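Notes to accompany the following structure.
The values are calculated or read from the model by the stated rules, or taken from the named source; none is laboratory data. Values in this document were obtained by computation on a predicted structure and should not be read as measured data. Counting neighbours? That spans all protein chains shown, and the Cβs are built from the backbone with ideal geometry, glycine included.
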Amino acid sequence: MKICIYGAGAIGGYMAVMLKRGGADVSIVARGAHLDAIRQNGLKLLVDGTEIIERMPATSKPGELGVQDYVIVTLKAHQAWQVAEDMTPLLGKDTAVVTAQNGLPWWYFHGLHPSVADLRLQSVDPDNRQWNAIGPERVIGATVYPATEISGPGVIKHIYGNQFGLGEPDCSNSERVSRLAAVMEAGGLKTRFYDDIRNDIWVKLWGNLCFNPISALTGATLDIVATDPGTRTLARNMMLEAQAIGEKFGATFRVDVERRIDGAAGVGAHRTSMLQDVDKGRAIELDALLTSVQEMGRLCDVDTPFIDSVLALAQQMGRVRGLYPTFPEVVEAKLVMAS
């Protein structure tokens, strides 16, 4: 089985090593010093005090790798949009593309009820770039739960977790998902199949859409955001707005708001990914986590005053610091029906 990891950063690098250990024919697309180190020394994974090194084809030019069985996209959402056309040399007639980003995916309405099948999320896929270059029929949805980090060029450190959710946009139980799950399990990655992967996407996003921007704006760690009365109330209200939107489009939430917030508080003094990005001067992943939810709220006529306020503040903070990579074709989220 040929699998290309497109974006071998913290999660992508972790998956590449584990899939290679499971017997897959793995290649990676990366860039810069990280790519140079992988080419020279192999890809190194530090897990449970053990150092694992795997060598595999690595390039910044996807055309060198040929057609794949699976392409697992582990870039951030705005980065995945930027390289949509670059992926095409990897795509054959039966190639599946696994979207392993945080937030609402560009293909969200594909395979859903016919009444919404023509909707597109412009906040994550301006001008339908991924929809047209990749095609929603190729997609396998995924949720990612491990915590990993790049500790140096070519070196990935695993912190905790090995759980991944998988599911087809049309809610079918397909052979291609079963095959992917089998090779992931062989490499030590735990998978869970969801009849509707959107439900798990919402549960993960539920926390990310509030905890990430609130922590980035305040500098507070997750335990403080989730327990301080003011920020906990703000997070709760944002989550309730998001839940109303998700349920309008048929999603179900398997836990309640208070339990979800308590679970976040239990993680402890964790610096959210967006706070880490701000600290390190990296672009923040705001549109997929928050603008997309605002856009869906407008599509289904659900008011989002708390989401709107936090989004406006986070956007302004990002622009002032040069960390908010707005799409060049879209000044603000637009609601677009396909013709």
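Among helices (runs of 4 or more DSSP H) lying entirely in the stretch 182-262, which contain 2 or more residues that are closer than 18 Å to L313 by Cα and of a type in the set (K, R)?
Helices (runs of 4 or more DSSP H) meeting the threshold: 229-248.
Would you confirm, using the coordinates I've provided, whether V73 is β-branched (V, I, T) and within 18 Å of D200 (Cβ to Cβ)? Criteria met by V73. Taken together, the residues in the stretch 239-260 that are crowded, with 17+ Cβ neighbours inside 10 Å, at pLDDT 95 or above and touching a Gly at 6+ places or on another chain (Cβ under 9 Å) amount to 4. On inspection, A283 passes the criterion of being at pLDDT below 95, of a type in the set (A, V, I, L, M, F, W, C) and either in contact with a Gly (Cβ under 9 Å, 6 or more places away or on another chain) or on the phi > 0 side of the Ramachandran plot (or both).
Among residues of the stretch 203-214 being within 12 Å of V293 (Cβ to Cβ) and of a type in the set (A, V, I, L, M), the one that is surrounded by the most Cβ atoms within 10 Å (Cβ to Cβ) is L209.
From the list V310, V302, V330, the lone residue that is in a loop (DSSP other than H, G, I, E, B), modelled with pLDDT of 95 or more and of a type in the set (A, V, I, L, M, F, W, C) is V302. If we keep just the residues of the stretch 179-202 that are of a type in the set (A, V, I, L, M) and touching a strand residue (DSSP E or B) at 6+ places or on another chain (Cβ under 8 Å), which is surrounded by the fewest Cβ atoms within 10 Å (Cβ to Cβ)? By that ranking, first place goes to A181. Restricting the first member to the stretch 113-127 and to residues that are within 15 Å of I245 (Cβ to Cβ), and the second to residues that are modelled with pLDDT under 90 and of a type in the set (A, V, I, L, M), the beta-carbon pairs closer than 6 Å and six or more apart or on different chains are S123/A333.
Considering G154, G135, which residue is small (G, A, S), crowded, with 22+ Cβ neighbours inside 10 Å and closer than 21 Å to I72 by Cβ? Every option except G154 fails the conditions. Tell me which residues, restricted to the stretch 14-65, are more than 25 Å from the chain's Cα centre (by Cα) and within 24 Å of T88 (Cβ to Cβ). Within the stretch 14-65, R39, E64 qualify. Contact annotation: residue pairs with Cβ atoms under 7 Å, 6 or more positions apart or on different chains, pairing a residue in the stretch 186-206 that is closer than 19 Å to G250 by Cβ with a partner that is assigned to a helix (DSSP H, G or I) and among the β-branched types (V, I, T), are F193/V177. For the criterion of being more than 18 Å from V302 (Cα to Cα) and modelled with pLDDT of 95 or more, G230 passes. The set of residues from the stretch 297-323 being closer than 13 Å to L217 by Cα and touching a residue at least 24 places away in the same chain (Cβ under 8 Å) comprises V310, L311, L313, A314, Q315, M317, G318, R321, L323.
Beta carbons closer than 9 Å, at least 6 apart along the sequence or on distinct chains, pair a first residue in the stretch 152-165 that is on the phi > 0 side of the Ramachandran plot with a second that is at pLDDT below 95 and part of a loop (DSSP other than H, G, I, E, B) for G161/Y145; G161/P146. Just need a number here: residues in the stretch 49-92 that are of a type in the set (D, E) and either surrounded by 23 or more Cβ atoms within 10 Å (Cβ to Cβ) or over 29 Å from G103 (Cα atoms) (or both). Of the residues in the stretch 49-92, 3 are of a type in the set (D, E) and either surrounded by 23 or more Cβ atoms within 10 Å (Cβ to Cβ) or over 29 Å from G103 (Cα atoms) (or both).
The requirement of being in contact with a strand residue (DSSP E or B) (Cβ under 7 Å, 6 or more places away or on another chain) and in the same structural domain as L289 (by TED's automatic domain parsing) is fulfilled nowhere in the stretch 251-267; no residue meets it.
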